[in-house]
Structures are given as C-alpha cells and as structure tokens.
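Reviewing the structure listed below.
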Amino acid sequence: MAAQIGAPAAAARAHEALFGYWAARRTVEKLPGRRDLDPADIKRLLPTLSLIDVLADPLDFRVRLAGTGLYDVYGREITGRRLGDVYNSAAADYWRVELAKVVTQAKPAVGVHSLAWRGASHLSLLWLRLPLASNGGDVDMILGYDAVIGLGQVRSGVRAA
C-alpha cells in the first residue's frame with residue numbers, strides 16, 4: 001500500500017519540477033518559447049517529455065519530439081505523428097480537447113488519462129501540458145510530461161540526478 005501512495009507522489013514531484021522550470025521562464029506578459037528551454041536543465045525528465053506542435057486551420061496537433069520512455073507507453077515511435085495516427089478515435093478526441101484548452105487559454109493543464117485504449121486499463125498517465133509561444137503570446141507548441149501510474153508503480157522516466 002505504501003508503494004501505491006508513494007508512486008503518484010513521485011510523479012507529482014516530477015510535474016512540480018517541470019512546472020517550476022517552465023514558470024521561471026515566463027513573465028507576466030509573455031509565455032516562454034521553445035528557445036527558452038535548455039534540455040540540459042531538465043535532463044532527468046527527458047525520457048517522458050514531449051514537444052507538441054500546434055497546427056492551425058483546422059486546429060490539430062503533431063508530436064514534434066517524444067522522449068525514449070514514451071516508446072513503451074505507445075508501443076512505437078510517435079515522433080512526427082498527428083494525434084489521429086497515435087491514438088484510437090476516442091483517445092485522439094480526448095487529447096484534442098485537452099490540448100485545445102492549453103492553446104485557447106494559454107495556461108498549463110494537468111490530468112489523468114487511462115491507458116485502456118492500449119489494453120492497459122490498470123495503468124494511467126498522469127500528464128502535464130505547458131504552453132509555449134515563440135512570440136510570447138500565441139501558443140504554437142506545447143511541452144508535455146507523462147508519468148505512468150497504476151498498481152503501485154510509477155514509471156515517470158525520471159533519471160537519477
């Protein structure tokens with residue numbers, strides 16, 4: 001039981017670390033852009049980090065970069081793929097709604113999503129999505145972090161410091 005309680009706490013700490021890093025790079029007037037991020041600063045989080053491009057007309061999303069730890073979650077490489085190429089239709093719709101909120105509100109979002117669509121209903125993703133804007137205002141990319149939780153385990157991909 002202690003492992004089940006501790007695992008989500010480790011995932012939450014990783015989320016807090018990434019959120020703190022992102023927040024330190026924004027100002028009251030401007031969101032950070034991709035150029036404001038240095039992977040060396042967040043090296044231990046890289047395995048389950050993602051960068052998601054925001055595509056316009058119609059609004060859609062493409063995974064620009066997916067950490068190596070996400071391969072196990074998706075069972076294949078997802079870099080360069082649109083949501084509809086990664087997920088079944090219900091999961092793709094879920095992510096379109098959640099990512100659209102990040103874009104339109106220009107605010108971070110966090111949630112839990114079941115991996116039942118992958119045949120792993122005993123596992124969930126504890127996810128964090130952070131808006132990035134190359135011009136400081138219009139969200140054109142999203143920084144993501146995922147931790148797999150369930151059955152007393154967590155696989156956040158966090159490397160030892």
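The values are calculated or read from the model by the stated rules, or taken from the named source; none is laboratory data. Just so you know, these numbers come straight off a predicted model, no measurement behind them. Cβ: placed from backbone, ideal geometry, glycine included. Neighbour counts: every protein chain shown.
Take the conditions (1) at pLDDT 85 or above; (2) under 14 Å from residue 48 (Cβ atoms); residue 141 misses just one of them, which is (2).
Has segment 3-15 got any residue that is over 24 Å from residue 123 (Cβ atoms), outside any strand (DSSP E or B) and either at pLDDT 90 or above or out of contact with any His (no Cβ under 9 Å at 6 or more places or on another chain) (or both)?
no
Of the conditions (1) within 12 Å of residue 130 (Cβ to Cβ); (2) touching a residue at least 24 places away in the same chain (Cβ under 8 Å); (3) of a type in the set (A, V, I, L, M, F, W, C), residue 23 clears all except one; give me its number. It fails just one condition, (2). Does residue 31 satisfy being within 14 Å of residue 131 (Cα to Cα) and touching a Pro at 6+ places or on another chain (Cβ under 6 Å)? Yes, satisfied.
Give me the residue from segment 28-49 that is in a loop (DSSP other than H, G, I, E, B) and in contact (Cβ under 8 Å) with a residue 12 or more places away in the chain and, out of that set, nearest to residue 77 (Cα to Cα). So, considering only residues that are in a loop (DSSP other than H, G, I, E, B) and in contact (Cβ under 8 Å) with a residue 12 or more places away in the chain, the one nearest to residue 77 (Cα to Cα) is 37.
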